[in-house]
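Quick notes on the structure that follows.
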Amino acid sequence: MLKQVETICRLNGIDYRFGGSQLLKHHGIVDTANDIDLFVEPDQFEKVDRMLSRAGEKQVSAPHETYLTTYFGEYVFEGTDVDVMSSFRMKCTDGIYTHPYIEPDAHWMHLEEWVVLYTVIGREDKLRSLAQYFETHSINEGIVHACLKRAPHSVIEGVTERFGEVMKR
């Protein structure tokens, strides 16, 4: 399924990045991924929305009071959920987290971005898996710091608490 979404994006000139559990699977951290998280730039959202709406079935997304993402679409494409996001933003207890654009690695987001995003979202299971991974792999502190540059204090504290020792190595 990932290849089909990738082909749709590539053939239509859409700049894209894969993240979430597909990224964890790509790195061998998890065995299965239940959906596809696709990040695009704001000027690409309408194009990817048209393409995925034709190729699959667009789902009705009810607004969520804590997610403030500028563009969000949910699609079912050949039985797989595809979530498309642009300008990811989320309310935190002490402010709003806005995820910056980080240059991808061959259309893959960086695991370090998801250290921050899963902290914001509160996905403890994924954070445990990432913490285990970074016990034996190096972490790019520059990416973590770029993601935390304008983050609310609670997010900085959460990331530092869990990954601070790993970043000191």
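Readers should treat all values here as calculations from the given coordinates under stated rules, not as data from a laboratory. As the structure is a prediction and not an experimental result, all values here were calculated from the model. We place every Cβ from the backbone using ideal geometry, glycine too, and count neighbours over all the protein chains shown.
Say we join alpha carbon atoms closer than 10 Å with springs in a Gaussian network model of the chain; which of T69, T136, T32 then has the biggest fluctuation?
Maximum among the listed residues: T136.
Answer rounded, prolate or oblate for segment 87-169, using the Cα gyration tensor with square roots of eigenvalues a ≥ b ≥ c: rounded when a/c is under 1.5, else prolate when a/b is larger than b/c, else oblate.
Because a/c hits 1.5 or more and a/b fails to exceed b/c, segment 87-169 counts as oblate.
Taking amide H positions as placed 1.01 Å from N in the peptide plane, with prolines and chain starts having none, which residues 5 or more places from C92, or on another chain, fall under 5 Å of its amide H?
Amide H to amide H, under 5 Å and 5 or more residues apart or across chains, C92 pairs with Y97.
First measure r as the distance between the Cβ atoms of D15 and Q59, then evaluate 1/(1 + (r/R0)^6) with R0 = 22 Å and state the FRET efficiency to the nearest 0.05.
Calculated value: 0.40.
Given a Förster radius of 25 Å and the C-beta distance between L68 and E157 as r, what FRET efficiency does 1/(1 + (r/R0)^6) yield to the nearest 0.05?
0.75
For the chain, what does -39500 (n - 2.57) per DSSP helix run (n ≥ 4), summed and divided by total residues, give at 222 nm, in deg cm²/dmol to the nearest 500?
-13500 deg cm²/dmol
Would you please name the trypsin sites (Lys or Arg not before Pro) within segment 87-152 that are DSSP coil residues with at most 15 other C-beta atoms within 10 Å of their C-beta?
For trypsin sites (Lys or Arg not before Pro) across segment 87-152 that sit outside H, G, I, E and B with at most 15 neighbouring Cβ atoms in 10 Å, the list reads K149, R150.
Over the chain, what lengths in whole Å, largest first, do the semi-axes of the equivalent ellipsoid take, defined as the square roots of 5 times the eigenvalues of the alpha-carbon gyration tensor?
In descending order, the three semi-axes are 27, 18, 14 Å.
Under a cut-off of 26 Å between alpha-carbon atoms, report the lysines in cross-link reach of K126, not counting same-chain residues fewer than 8 places apart.
In chain and number order, the partners are K3, K25, K91, K149, K168.
Need the full-extension length gain, E46 to K168, defined as separation in residues times 0.36 nm minus the C-alpha distance. One decimal, nm.
39.8 nm
Report the gain in length on full extension from T7 to H27: 0.36 nm times residue separation, minus Cα-Cα distance, nm rounded to one decimal.
5.1 nm
Report the relative contact order of the chain, percent, no decimals, based on alpha-carbon pairs under 8 angstrom and at least 6 residues apart.
Over the chain, the number comes to 19 percent.
Order 93-104, 54-65 from most to least packed using the mean count of other Cβ atoms within 10 Å.
The packing order, highest mean first, is 93-104, 54-65.
Looking at segment 2-168, send over the antiparallel percent of its DSSP beta bridges, to the nearest 5.
75 percent
Which part of segment 1-19 falls in the paramagnetic zone of N34, meaning amide N under 17 Å from the point 7 Å along Cα-to-beta-carbon?
Flagged as within label range: 19.
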